[in-house]
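Working notes for the structure below.
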Amino acid sequence: MNIDAIDFCTHFYNCTNIPLRYYENSVMKLQLPLIEPNLDPFAKYYEVLINQPKPITYAVTKQFVYYGIVKDQETINNCIILGPITNVAYSKEMFK
């Protein structure tokens, strides 16, 4: 069975409920779930993740929120970014 990246991401999200984004040629092609840009805490971590030299890595915020990245080894501008993931409950202060 041949499955493309968007189908894979959709199935992965449906099975795990882990938020994710798929970038193709540095353009976001898929975001699950959809988040309003002004409410999305991820924006400030994109550059940190995309500039990591390792093809698979993660970043942890000071609030212990995790974001991971899996880069396509053949096309480095294609990647899947996972997160936010945390094991602590979100509070109003955390969102601020």
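Shown here for segment 36-94: trypsin sites (Lys or Arg not before Pro) in loop regions (DSSP other than H, G, I, E, B) with at most 14 other Cβ atoms within 10 Å, namely Lys62.
Within a straight-line Cα-Cα reach of under 19 Å, Lys29 can be paired with the following aspartates and glutamates, leaving aside sequence neighbours fewer than 8 residues apart in one chain: Asp4, Asp7, Asp40, Glu47, Asp72, Glu74.
Calculated mean residue ellipticity at 222 nm for the chain: -6500 deg cm²/dmol, from DSSP H runs with n ≥ 4 weighted as -39500 (n - 2.57), summed, divided by the residue count and rounded to 500. Only Cα sites of the chain enter the Debye sum here, all with the same form factor; the resulting log10 I(q)/I(0) across q = 0.20 1/Å is -1.05, listed in q order. Here the chain is scanned for chymotrypsin sites (Phe, Trp or Tyr not before Pro) in DSSP loops (not H, G, I, E, B) that have at most 15 other Cβ atoms within 10 Å, and the longest stretch holding none of them is 1-63. Among Asn51, Asn14, Asn78, the residue with the largest mean-square fluctuation in a Gaussian network model of the chain, with springs joining Cα atoms closer than 10 Å, is Asn51. Per residue, the accessible area of the chain comes to 72 Å² when a 1.4 Å probe rolls over the protein heavy atoms.
The GluC sites (Glu not before Pro) of segment 44-93 meeting both criteria, a DSSP state outside H, G, I, E and B (loop) and at most 12 other C-beta atoms within 10 angstrom of the site's C-beta, are Glu74.
The values are calculated or read from the model by the stated rules, or taken from the named source; none is laboratory data. What you see is a predicted model, and the numbers here were worked out from it, not measured in a lab. All Cβ positions, even for glycine, are placed from backbone atoms using ideal geometry, and neighbour counts span all protein chains on display. What goes into the accessible areas is simple: the full protein's heavy atoms, side chains included, and nothing from ligands, DNA or RNA. Shrake-Rupley method; radii C 1.70, N 1.55, O 1.52, S 1.80 Å.
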